[in-house]
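What follows is a single structure, written as structure tokens, with notes after it.
The values are calculated or read from the model by the stated rules, or taken from the named source; none is laboratory data. Computed from a predicted structure; not experimentally measured. Methodologically, a virtual Cβ is constructed for each residue, glycine included, from the backbone with ideal geometry; neighbour enumeration extends over all protein chains shown. Note: areas computed on protein heavy atoms with side chains; ligands, DNA, RNA excluded. Shrake-Rupley method; radii C 1.70, N 1.55, O 1.52, S 1.80 Å.
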Amino acid sequence: MAGLVFWALVVLATLTSLATAWALGANSNSPPFAPAIGANAVSTMRAAFLIGILAALGALTQGGAISETVGAGLINGVQITSLAATAGLLTATGFMIFGVYSGYPVPAAFATTGAMVGVGLSLGGDPAVDTYRRIAIFWVLVPPVSGGLAYLTATLLRRDDIPETVGVPLLAAVVGGIVANVQLGVIPSPPEATQSSIAGFIARQVETPTVAGIDPLAVLVTIAAAAAGFRLIRRRTQASTEDGIRTFLLILGSVVAFSSGGSQVGLATGPLENLYRAELGLPGIVLLTLGATGILAGAWMGAPKLLQATSREYAQLGVRRSIAALVPGFIIAQVAIALGIPISFNNIIISGVIGGGLAGGSAGVSRRKIGVTLAFWLITLTASIAIGFGLYKAFAAVLGG
């Protein structure tokens with residue numbers, strides 16, 4: 001009987017994880033392509049198709065670090081059981097569903113992190129204070145950093161002495177240089193690591209002395225990638241400014257959607273880390289594949305409607321503010337993935353939109369809306385801890401732990 005209950009919980013936890021991944025694919029991964037749709041660079045259905053593919057690939061190749069943090073790094077002294085994972089996922093998914101239907105800005109990262117802390121405490125675990133400190137510092141820094149980068153980006157694009165045939169290619173160069181250093185699970189890595197970048201892989205093929213701990217060959221690869229990005233968009237903008245901007249929006253949307261998948265999948269798969277890897281003995285790629293499948297299905301089935309709505313909003317913002325909001329999103333998402341910190345794309349994008357608006361003399365977002373958004377972030381975090389704690393206690397009382 002105990003074995004039957006265990007496998008029933010495995011199935012329930014897996015289905016709940018899939019539902020969470022579906023919700024993330026339908027909602028959290030859509031904003032990156034909205035500006036490209038608003039600029040008529042891609043159709044809504046094609047964008048939804050690309051979002052699904054790119055976010056799923058990001059989940060498979062970059063999702064491991066955040067999944068481990070959510071599954072094992074938030075609580076000390078206990079392992080997250082299948083029942084606890086189910087309680088945590090149901091809590092987080094409930095918050096996401098509430099956000100979708102109410103229109104209130106409920107960040108998935110806050111809901112999932114709070115829920116897993118709640119169930120972990122309910123299991124009798126100890127708070128992982130050091131992890132909380134790192135996450136809290138990162139979350140607090142996201143709005144000023146995202147807003148500041150967006151402000152600088154929008155200012156660059158608005159300068160009369162820097163034509164768009166130079167300003168937009170410069171941003172493409174920044175994106176190209178970062179892409180060369182993105183850590184991916186599919187690139188052969190050194191024995192002590194599980195991921196590597198294109199720049200790192202190429203640098204390891206030729207032994208060169210490091211300078212202040214930096215491999216000169218990796219720097220050259222980064223510069224080459226930046227130069228390639230600059231040249232591609234420069235040629236497009238010289239032929240047609242509008243076509244060049246549309247091309248950059250499409251590329252930018254693609255890398256941000258990829259990064260979104262890598263940063264968001266751990267919110268769905270993290271609670272199952274102990275169940276799948278320790279109790280079932282399955283490799284991590286199985287769990288990431290589960291999350292990637294849910295994200296893919298959510299993007300294909302749920303993203304088109306949201307894309308139509310958000311693309312209209314971005315069309316009103318204009319291409320400059322759209323670019324200014326997405327560039328920081330890409331940078332911050334990759335930093336978060338590298339550090340294994342769960343993040344909210346709502347947090348990044350909203351901050352970027354405000355920062356880009358300030359460059360034009362007005363944030364374009366009311367103080368009341370900002371206040372409501374911040375309040376719901378805090379309410380989501382605290383309420384998810386409490387509900388996750390209580391829900392697991394209720395499950396344990398009914399099912400015997």
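Just checking, which of Asp161, Asp215 is charged (D, E, K, R), under 24 Å from Ala239 (Cβ atoms) and modelled with pLDDT under 90?
Exactly one residue qualifies, and that residue is Asp161.
Somewhere in segment 118-126, is a residue touching a Ser or Thr at 6+ places or on another chain (Cβ under 7 Å), of a type outside the set (Phe, Trp, Tyr), within 27 Å of Leu287 (Cβ to Cβ) and in a helix (DSSP H, G or I)?
yes
Of the residues that make up segment 60-67, is at least one open to solvent by 30 Å² or more (accessible area, probe 1.4 Å), within 20 Å of Ser259 (Cβ to Cβ) and in contact with a Leu (Cβ under 9 Å, 6 or more places away or on another chain)?
yes
List, please: which pairs have Cβ atoms under 7 Å, are six or more places apart or on different chains, and start with a residue in segment 327-343 that is assigned to a loop (DSSP other than H, G, I, E, B) and end with one that is surrounded by fewer than 24 Cβ atoms within 10 Å (Cβ to Cβ) and charged (D, E, K, R)?
Cβ pairs passing all conditions: Gly340/Glu68; Ile341/Arg134.
What number of residues in segment 134-192 are under 24 Å from Thr247 (Cα atoms), free of Cβ contacts under 8 Å to residues at least 24 places away in the same chain and of a type in the set (Asp, Glu)?
2
Could you tell me how many of the residues in segment 276-297 are over 21 Å from Trp22 (Cβ atoms) and assigned to a helix (DSSP H, G or I)?
Residues that pass the stated criteria total 3.
Are there any pairs, at least 6 apart or on different chains, whose C-beta atoms fall under 8 Å, with the first in segment 70-92 and on the phi < 0 side of the Ramachandran plot and the second among the aromatic types (Phe, Trp, Tyr) and surrounded by fewer than 23 Cβ atoms within 10 Å (Cβ to Cβ), and if so, which?
Leu74/Tyr132; Ser82/Phe6; Leu83/Phe395; Thr86/Phe395; Ala87/Phe395
Taking Asp126, is it at negative phi, modelled with pLDDT of 90 or more and not aliphatic (A, V, I, L, M)?
yes
Give me a count of the residues in segment 107-147 that are closer than 18 Å to Ser344 by Cα, touching a helix residue (DSSP H, G or I) at 6+ places or on another chain (Cβ under 6 Å) and open to solvent by 20 Å² or more (accessible area, probe 1.4 Å).
Residues meeting the conditions: 2.
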